[in-house]
Amino acid sequence: MNDSAITAAEVDLTVDLAGLALRNPVMTASGTSGYGPEHAELMDLTKLGAFVTKAVSVEPRKGNPPERIVETSAGMLNAIGLANDGLDGFAANKVPFIESMGTPVIVNVVGHSVEEFQTVCRRLDGIECIAGVELNVSCPNVADGLEFGTDPVRLRALVSAVRGCVSRAKLIVKLSPNVTDVTATARAAIEGGADVLSAINTVVGMAINVDTWKPMLANRTGGLSGPAIKPIALNMVHRVYRDVAKDANVPIIGMGGISSWRDAVEFFLAGATAVAVGTALFVEPTTPIRICEGLREYLSKRGMSSVRDLVGKLQ
Ligand SMILES: Cc1cc2nc3c(=O)[nH]c(=O)nc-3n(C[C@H](O)[C@H](O)[C@H](O)COP(=O)(O)O)c2cc1C
């Protein structure tokens, strides 16, 4: 430790995600800040390391009926059902704003078949202002009803099929926590050709109304996010880093319950190169800016010049 050498302003927060240069390591998590305009009213988006959009599918989707969101004691349960305008709607209505955002944009992609993922990713790869595509593999394949992201064989096949359609944008694969061994799916994603991994998506959960004896969500189950899942996410990020990603030199975007700079530091130490903030944005939309300020102070107090020096330093 060296208290005097580096001022907070001098601290270098830039990171490199498989060749994608970010001004800082803090981004939004998919589905929690729309496609940009919704969040631009609440914070200066150029202060983000990157903006990650809500999911885009080939066809427009209405999503699930209400109730779609329920508060729990330590987080939220959502079953939005990936409602979106579809690929044409996205290209016509959302891309113009993205072009002018002044921040790298990663588009989250969802599909119900390998071909759907390919169609969306091929088109997005052709749109210059999109820096990366993030595959949301926590959804069932219509062909067999099984989730892509929970089985290494299915996941490897999906990622390698999509890899053939993405040559310019970074290919990011978002790991599901709803598996027995996250290192197996992480390895499969890397073998399939992922440039970057992100982890974790929401944890499957349920809430029940004791008056009606019915599930609180119309979809019965939903995805748990927020502080409750942080320890799960940290453990998974660390295992993926230690057992798979470090040797493969594949960076990880860590997420799950991050709401402060301290949370972010834990994820860097566990092995994440960047972090994403989701549920905390509903409480405080400027959380990413506060995290960057806190990181600067923390690193400067420790006499460290770069956030990159924290990555994977867990003792
Ligand atoms: C309301 C809501 C919508 C979400 N939509 C998506 C989505 O469209 N695609 C996706 O990959 N993840 C989606 N997620 C998962 C988040 O991106 C993130 O992985 C997860 O919530 C954990 O981070 P957090 O605890 O900071 O929210 C959604 C989460 C929430 C709360």
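Tabulated data for the structure shown
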read-out: Tilt relative to the chain, helix 287-301 - C-alpha long axis, 0 to 90 degrees, to 10; value: 30 degrees
read-out: Two-site FRET efficiency, A157 against D16, from Cβ-Cβ distance with R₀ of 25 Å, rounded to 0.05; value: 0.30
read-out: Rounded to 10°, Cα long-axis angle of helix 114-125 versus longest principal axis of the chain; value: 50 degrees
read-out: Unit Cα scatterers, Debye sum, the chain: log10 I(q)/I(0) for q = 0.15 Å⁻¹; value: -1.21
read-out: Sequence-distant residues sharing a close amide H with V277 (under 5 Å, placed H); value: M27, T28, A29
read-out: Amide hydrogen neighbours beyond the local backbone of L175, cut-off 5 Å, H modeled; value: S198, A199, N201
read-out: Check: the stretch 195-252 dipole with +1 on Lys, Arg Cβ and -1 on Asp, Glu Cβ, in debye; value: 120 debye
read-out: Residue-span extension gain [R168 to N249] - 0.36 nm each, minus C-alpha spacing; value: 27.3 nm
read-out: Equivalent ellipsoid semi-axes, the stretch 46-119, via Cα gyration tensor eigenvalues times 5, rooted, Å; value: 23, 19, 11
read-out: Helical contribution to [θ] at 222 nm, DSSP H n ≥ 4, -39,500 (n - 2.57), averaged over the chain, rounded to 500; value: -8000 deg cm²/dmol
read-out: Hits among lysines - C-alpha to C-alpha of K94 under 25 Å, sequence gap 8 or more where chains match; value: K47, K54, K62, K170, K174
read-out: In the stretch 17-72, GluC sites (Glu not before Pro) in a DSSP loop with at most 16 other beta-carbon atoms within 10 Å; value: E41
read-out: Scattering profile of the stretch 72-115 at q = 0.17 Å⁻¹ [log10 I(q)/I(0), Debye over alpha-carbon scatterers]; value: -0.72
read-out: Cα lying deepest toward the dipole's positive end in the stretch 157-290, options V275, I258, S225, charges on Cβ; value: V275
read-out: Antiparallel bridges, percent of DSSP beta bridges restricted to the chain (to nearest 5); value: 40 percent
read-out: Cα centre as origin, Lys/Arg/Asp/Glu Cβ charges: the chain dipole, Debye; value: 360 debye
read-out: Antiparallel DSSP beta bridges within the stretch 69-179, percent to nearest 5; value: 35 percent
read-out: Relative contact order of the chain, defined on C-alpha pairs under 8 angstrom at six or more residues apart (%); value: 22 percent
read-out: For the stretch 121-248: relative contact order, % (alpha-carbon pairs under 8 angstrom, 6 or more apart); value: 22 percent
read-out: Cα pair distances exceeding 20 angstrom across the stretch 116-238, given as percent; value: 49 percent
read-out: D_trans [Stokes-Einstein, Kirkwood Rh over alpha-carbon pairs] for the stretch 205-281, 25 °C, 0.890 mPa s, µm² s⁻¹; value: 178 µm²/s
read-out: For the stretch 95-170, convex hull of alpha carbons as volume per residue, Å³; value: 83 Å³
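Every number in this text was worked out from the coordinates using simple rules, so none of it is lab data. Nothing here was measured: the structure is a model prediction, and the numbers come from that model. Methodologically, a virtual Cβ is constructed for each residue, glycine included, from the backbone with ideal geometry; neighbour enumeration extends over all protein chains shown.
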